[in-house]
Amino acid sequence: MTARAPPANRKLSNMLMADFKQCLTLYEKKEYAEAIKRADHILTQKPDHGETLAVKGLCRYHQDSPVEGRSLINAGMKNDPESYIIWHVLALLERSEKNYHAALKAYQKSLTIDPSNQNVLRDLSLMQIQTREYEPLVITRRKQLTDKPEIRANWTGLAVALFLKGDYATAARTLAAYEESAPEKEPKDKTQSDDIENCELALFRNKCLIEAKEYDLALKDLEELENKTSKRHIPDQQSILEHRCDIYIRQGKTKDAQRLTRVLLRRNPHDRALYRQLEKVLGIQDNNQLKSVMYKKLAQKYPRSDCPRSMPLEFLEGQAFDEAADAYVSTLIHRRVPSAFMNVKHLYKNPAKALSIGAIAQRIFDGATEDLSGASDFLWSACFLAQHFSKLGDQNKALKFIDNAIEHTPTLVELHLTRAKILKRMGAVNKGAEAANAARELDLQDRYLNTKAAKYTLRANNADDIEQAIKLISMFTRNDTSGTGVQDLHDMQGYWFLSELARRQRRNGDGPLALKRHKAALNVFSEFEHEQLDFHLYALRKGTMNAYIDMLQWEDKLYKSKKFIRSTRGIIETYIALWDTKPDCGCGAVIPGSFPLKAVDYNASTTVKKKKKKKTNEGSAEAKQNPNGLPTPEHRHDADPEGLKLVKNVDLLETALVHAKKLAEVGDSLGLVFQAEIYLRQNKYMLALQSLNKLKASDAASPYASVLAKVAEAQLNGDDSTAQNLKDMTLKMLPKLFNETESDAVATARLAFSVPSYKELAGELLKGLVSENATAAALAVWAANSLGLELEDLAKEQYPELEVPLPN
Amino acid sequence: MSKVQLDDLTPNNLGMLKRINSVVLPTSYTDSFYTEALTVGQLAKLAYYNEIPVGAIRCCLEVAPEHTKPSRIYIMTIAVLSPYRENGIGGMLLDHIERYAAETFVPELSVHALTDDTEVIEWYKKRGFEIVDEVKGYYKRLTPAKDAYLMVKKLKKDQ
Ligand SMILES: CC(C)(COP(=O)(O)OP(=O)(O)OC[C@H]1O[C@@H](n2cnc3c(N)ncnc32)[C@H](O)[C@@H]1OP(=O)(O)O)[C@@H](O)C(=O)NCCC(=O)NCCS
């Protein structure tokens with residue numbers, strides 16, 4: 001295409017042109033202040049020079065003035081909308097802002113104006129892969145390859161793009177073409193990384209052939225790779241075997257597949273997936289008798305592997321199960337395996353199996369001799385039985401076993417941890433935290449124990465739990481000059497800590513802080529997404545395509561993770577609750593309000609008073625303590641220590657809506673329910689109905705959702721009395737909204753808060769929760785308490801150890 | 001490999017010494033007793049049975065007035081969890097200290113024992129300790145305060 005003549009205002013005198021070029025160089029060197037000086041110089045003479053405005057904008061953006069930066073770029077764009085430089089600048093800004101789709105469009109536009117720009121072409125391909133636009137990606141990569149066929153990464157880049165698009169045959173051909181055309185290095189020039197790259201490339205090419213269903217070609221290819229005299233030989237025998245076995249399975253060549261699966265099993269008898277694969281290729285998946293024979297033989301063959309002993313427990317029944325379980329469980333206990341109970345816990349879905357396993361442990365317990373030779377059997381069977389009874393719900397019996405064992409040997413760490421768990425299940429959360437801490441104190445270098453103790457502390461009910469927990473985790477983190485590791489756990493993506501903290505803050509009724517921590521927890525996931533960007537180029541340059549493709553596939557499932565969903569639900573719930581507790585929200589008009597939070601001062605100043613640095617040498621003492629021997633990082637300035645910026649001048653419902661949409665997008669049906677709840681609060685009944693209809697169309701429709709839909713309909717028709725009736729129904733159904741009992745109590749109370757006449761009914765519902773389990777009971781008491789209802793005595797009757805959460 | 005092994009006291013396993021002493025011994029000890037236990041090197045040891053700490057000894061060096069060299073090793077605490085007693089674990093801990101004394105040319109060991117704890121007194125006697133003194137109300141922290149014997153074992157020069 002022919003470029004249009006540039007607009008008159010783009011042209012610069014030779015002198016100013018030199019300035020502009022320098023300005024660009026300075027920007028690239030990240031000398032923003034200097035670059036801006038040049039830009040200003042140009043602008044004094046040509047104030048509407050678009051490209052200069054844009055580059056200045058980009059510099060301002062990087063100087064922490066994002067708003068001004070963007071408006072300068074927009075101004076530049078207005079003056080000169082056909083400049084590839086300005087579009088490129090805009091793309092860079094959007095990319096920094098992580099708006100990958102917008103960046104993609106801007107790169108594309110820049111490229112239509114200046115099709116020869118290699119850098120823009122490369123960056124465009126990055127955006128395309130980041131946004132999973134595989135079709136256009138193939139076109140971009142093909143162009144890169146045509147322009148620069150001498151670069152290896154351009155060939156593999158195209159092949160990866162084709163693979164991702166699903167065009168495996170062309171991907172394989174591309175790689176073959178490269179291997180045939182690539183100049184061969186002299187053996188003496190070959191480095192180890194060349195070998196690794198060749199190996200990766202060969203295996204990737206083979207994978208493409210397999211996916212393209214070119215099985216015969218793929219097998220021939222593997223023969224060549226295996227052949228030591230071939231110049232394509234690779235040393236990775238394991239992968240060759242795996243590929244070949246995979247081909248045989250796909251081809252239905254069962255005899256060969258059986259043989260190779262057994263070879264693979266011999267190489268690694270600890271891989272559960274291989275045992276399942278063997279069942280499958282033997283065609284005995286559904287024949288328990290034959291499977292049992294298979295596992296027995298394998299158990300003899302691989303005496304050190306857990307798999308052939310534990311896996312049959314899943315399908316065996318009756319006496320066969322009892323015998324196999326006896327052999328397995330008693331070995332674990334005799335061998336003092338701390339995870340013994342964890343290994344069989346999943347079998348407790350089946351009550352008969354649970355009983356049988358309990359009986360095995362009981363037999364060992366009863367048979368343990370009083371002298372030292374019996375001590376180990378006594379301790380480990382007692383610990384096992386404690387877990388057994390706890391799992392079956394008999395916490396008192398569990399506690400007796402564990403206390404008995406602790407009296408015998410108070411220095412066995414596992415006993416204290418088990419005790420902590422039992423206490424937690426009894427509702428004795430404070431004592432549970434003490435027990436976890438007792439375990440920790442026995443072995444200070446064990447990070448697992450430290451983490452457990454911190455987690456139990458966050459779930460306890462003492463006023464200083466949060467500080468205590470932070471003190472604990474800081475024993476293992478890289479602490480900043482404030483002396484704590486909270487920042488480090490953000491940097492190190494310590495999701496468990498951030499999400500536990502969020503839940504605790506929510507329980508404390510501190511909405512903004514809960515939001516802040518939920519946000520940090522969610523940030524862990526978006527960081528995973530953004531960090532991919534670094535690998536698109538790196539992996540191709542290093543030639544590690546196989547791991548790279550695994551990574552992309554992992555990233556595709558990232559937001560479907562339970563943790564992401566849990567934190568997203570948490571943040572939405574908190575936003576809605578904050579909105580409901582705002583004095584002027586008018587909530588309760590449509591559907592009932594949320595469980596209350598502490599009042600937020602929306603007028604409070606969010607500027608942080610910088611504390612004057614104490615003039616002690618505390619900092620240096622901390623530095624010496626640092627376990628990693630690294631210099632202590634500076635305590636980064638927290639611009640929003642109380643999370644107020646997340647709520648002040650923020651449309652709480654709109655923000656919640658963004659998260660609810662994401663939740664629906666990743667397939668959590670609550671996403672649509674939340675959307676409806678938000679729309680109802682915004683009086684957007686039509687939109688609420690639409691979300692609920694979408695839910696109805698999926699198989700996740702819930703009675704609660706259909707009642708919500710009727711509320712919306714009644715509102716649309718102006719039918720107040722029906723709306724009121726239906727509201728009564730929502731109250732009854734709300735506890736079914738969430739699966740987690742924790743939310744049941746919260747949800748039930750939510751309704752009662754907004755409509756005082758619901759109080760009695762809420763009381764009944766909360767009473768029902770008390771009988772579920774200690775955790776639910778504690779929450780019900782907490783919720784009732786806030787409603788001015790008394791449930792504590794009832795709960796304590798059922799759970800004498802119950803420690804009720806702090807009242808607000 | 002023997003089921004019983006001795007190991008050094010470290011900041012990380014100090015909690016084990018605390019735990020053992022607190023369940024076995026009648027008196028409780030101050031925080032500084034424990035933090036200083038980390039500074040005495042081989043004079044503090046944990047005994048492990050099947051990798052579980054079940055016994056511990058903690059001693060200190062005594063330097064007589066006007067002397068520069070330590071004149072004896074004083075056993076501040078020795079304790080074995082009751083289910084693990086009478087298996088030679090206490091003896092192992094004591095032997096370790098005795099060997100260390102010999103290696104470092106410390107001529108004697110000493111310990112205080114409750115006057116009415118005949119079993120322990122017998123235990124020490126069997127291992128070459130002799131009663132040299134009786135200290136009235138030595139265990140001040142017990143209510144009522146109890147008396148103690150000071151017991152000493154002289155080590156042979158050429159051991
Ligand atoms: C005193 C104490 C440390 C001894 O610990 P212990 O591990 O039982 O000591 P040992 O096993 O070495 O000796 C105990 C007896 O068991 C015998 N024994 C039994 N089995 C044995 C074996 N396998 N190997 C060696 N000795 C054995 C010993 O011969 C010894 O008997 P003896 O005194 O008649 O010779 C322990 O009893 C204790 O902790 N008591 C309470 C705390 C206390 O009072 N401490 C002292 C005050 S500081």
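Data for the structure
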{"quantity": "Residues located in the range A:442-484, provided they are outside any helix (DSSP H, G or I) and within 14 Å of another protein chain (Cβ to nearest Cβ)", "calculated": "A:443, A:444, A:445, A:446, A:475, A:476"}
{"quantity": "Qualifying residues in the range B:107-123 (those that are closer than 29 Å to residue B:68 by Cβ and either open to solvent by 10 Å² or more (accessible area, probe 1.4 Å) or of a type in the set (D, E, K, R) (or both)) - the one farthest from the ligand (Cβ to nearest atom)", "calculated": "B:107"}
{"quantity": "Single condition residue A:503 does not satisfy, out of (1) over 28 Å from residue A:600 (Cα atoms); (2) in a helix (DSSP H, G or I); (3) at pLDDT below 95", "calculated": "(1)"}
{"quantity": "Pairs with Cβ under 8 Å, 6+ apart, first in the range A:566-577 and not assigned by TED's automatic domain parsing to the domain that holds residue A:524, second part of a helix (DSSP H, G or I)", "calculated": "none"}
{"quantity": "All positions within the range A:388-416 that are surrounded by 23 or more Cβ atoms within 10 Å (Cβ to Cβ) and more than 13 Å from every other protein chain (Cβ to nearest Cβ)", "calculated": "A:388, A:390, A:395, A:398, A:401, A:402"}
{"quantity": "Which numbered condition residue B:94 fails, given (1) without any contact (Cβ under 8 Å) to a residue 24 or more places away in the chain; (2) of a type outside the set (Gly, Ala, Ser); (3) within 15 Å of the ligand (Cβ to nearest atom)", "calculated": "(1)"}
{"quantity": "Residues that are away from chain B (no Cβ under 14 Å) and surrounded by fewer than 23 Cβ atoms within 10 Å (Cβ to Cβ), drawn from the range A:367-386", "calculated": "A:367"}
{"quantity": "Top-ranked residue of the range B:3-21 - restricted to ones that are at the interface with another protein chain (Cβ under 7 Å from one of its Cβ atoms) and assigned to a loop (DSSP other than H, G, I, E, B), ranked as most open to solvent (accessible area, probe 1.4 Å)", "calculated": "B:11"}
{"quantity": "Subset of the range B:81-91 that is touching a residue at least 60 places away in the same chain (Cβ under 8 Å) and near the ligand (Cβ under 6 Å from one of its atoms) - its residue that is farthest from the chain's Cα centre (by Cα)", "calculated": "B:87"}
{"quantity": "Every pair of residues 6+ apart whose Cβ atoms lie under 6 Å, when the first sits in the range A:781-803 and is within 14 Å of residue A:461 (Cβ to Cβ) while the second is open to solvent by 40 Å² or more (accessible area, probe 1.4 Å)", "calculated": "A:781/A:792; A:785/A:807; A:802/A:796"}
{"quantity": "Hits in the range B:25-58 (condition: under 19 Å from residue B:142 (Cα atoms) and either touching a residue at least 60 places away in the same chain (Cβ under 8 Å) or within 11 Å of chain A (Cβ to nearest Cβ) (or both))", "calculated": "B:26, B:27, B:28"}
{"quantity": "Looking only at the range B:68-102, and only at residues there that are open to solvent by 60 Å² or more (accessible area, probe 1.4 Å) and farther than 20 Å from residue B:9 by Cα, the one that is nearest to the other protein chains (Cβ to nearest Cβ)", "calculated": "B:87"}
{"quantity": "Residue under evaluation residue A:287, criteria (1) touching a Ser or Thr at 6+ places or on another chain (Cβ under 9 Å); (2) within 19 Å of residue A:321 (Cα to Cα), criterion not met", "calculated": "(1)"}
{"quantity": "Qualifying residue in the range B:135-143 (condition: within 16 Å of the ligand (Cβ to nearest atom), without any contact (Cβ under 8 Å) to a residue 60 or more places away in the chain and farther than 30 Å from residue B:68 by Cβ)", "calculated": "yes"}
{"quantity": "Filtered residue count, the range A:417-441, keeping only those that are facing another protein chain (nearest Cβ under 10 Å), among the aliphatic types (A, V, I, L, M) and buried (at least 24 other Cβ atoms within 10 Å of the Cβ)", "calculated": "1"}
{"quantity": "Leading residue by the ranking (least open to solvent (accessible area, probe 1.4 Å)) among those in the range A:462-488 that are in contact with a Lys or Arg (Cβ under 8 Å, 6 or more places away or on another chain) and over 19 Å from residue A:516 (Cβ atoms)", "calculated": "A:472"}
{"quantity": "Conditions (1) under 30 Å from residue B:3 (Cβ atoms); (2) among the β-branched types (Val, Ile, Thr); (3) more than 8 Å from the ligand (Cβ to nearest atom): number failed by residue B:78", "calculated": "(3)"}
{"quantity": "Residues (at pLDDT below 80, assigned to a helix (DSSP H, G or I) and closer than 19 Å to residue A:430 by Cβ) located in the range A:777-805", "calculated": "A:779, A:782, A:785"}
{"quantity": "Close pairs (6 angstrom Cβ cut-off, 6 or more residues apart or separate chains): assigned to a loop (DSSP other than H, G, I, E, B) in the range B:99-118, more than 16 Å from the ligand (Cβ to nearest atom) anywhere", "calculated": "B:106/B:70; B:107/B:155"}
{"quantity": "Residues (of a type in the set (Asp, Glu) and in a helix (DSSP H, G or I)) located in the range A:45-67", "calculated": "A:51"}
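The values are calculated or read from the model by the stated rules, or taken from the named source; none is laboratory data. Note that this is a predicted model, so its numbers are computed, not measured. Using ideal geometry, Cβ is built from the backbone for each residue, glycine included, and neighbour counts are taken over all protein chains shown. Accessible surface is based on the protein model in full, side chains and every heavy atom, while ligands, DNA and RNA are left aside. Shrake-Rupley method; radii C 1.70, N 1.55, O 1.52, S 1.80 Å.
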